[in-house]
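Read-outs throughout are calculated quantities, based only on the coordinates presented, and are distinct from any laboratory measurement. If you're wondering where the values come from, they're calculated on a predicted model, not measured in any experiment. With ideal geometry, Cβ positions are generated from the backbone for all residues, glycine too; neighbour counts draw on all protein chains shown.
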Amino acid sequence: MGDCCQPALVLFPHVVDASHSQIEPLPKSRALEALLPHSLSVYNPEVARREFQVLAKLVQQADCYRVHLGRNVVDLPQLITPLLEQH
């Protein structure tokens, strides 16, 4: 178990054939849509409902971004740090 925290960002990585990585805002509805397939393997309806509620709350509370990962992956902290500093 770890300490409780409130996430500031949810990042959705996507590898692209480009020299530089880029970050773009992702609408919350699209972020939730991207997370749902990872929770659909639950067979208990009550557990599935709670998982959906947790994911929906996460997406509502955090800023969501699509990260287009180019060949300069080592520069990724320079892209993400300004987003974190906004919080």
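Calculated from the structure at hand, Cα extents along the principal axes in Å is found among (i) 45, 28, 26; (ii) 39, 28, 21; (iii) 41, 31, 25 as (i). Here's the picture: charge each Lys and Arg Cβ at +1 and each Asp and Glu Cβ at -1 in the chain, and of H87, P37, P25 the one pushed furthest to the positive end of that dipole is P37.
Just the number, please: percent antiparallel of the DSSP beta bridges in the chain, rounded to the nearest 5. Antiparallel bridges make up about 35 percent of those DSSP assigns within the chain. Net charge dipole, the chain: roughly 220 debye, given to the nearest 20, about the Cα centre with Cβ charges of +1 for Lys and Arg and -1 for Asp and Glu. Only helical runs count toward this figure. For the chain, summing -39,500 (n - 2.57) over DSSP H runs of n ≥ 4 and dividing by all residues gives -12500 deg cm²/dmol at 222 nm.
Averaging sequence separations of C-alpha pairs under 8 Å and six or more residues apart, then dividing by the length of the chain, give the relative contact order as a whole percent. That works out to 53 percent.
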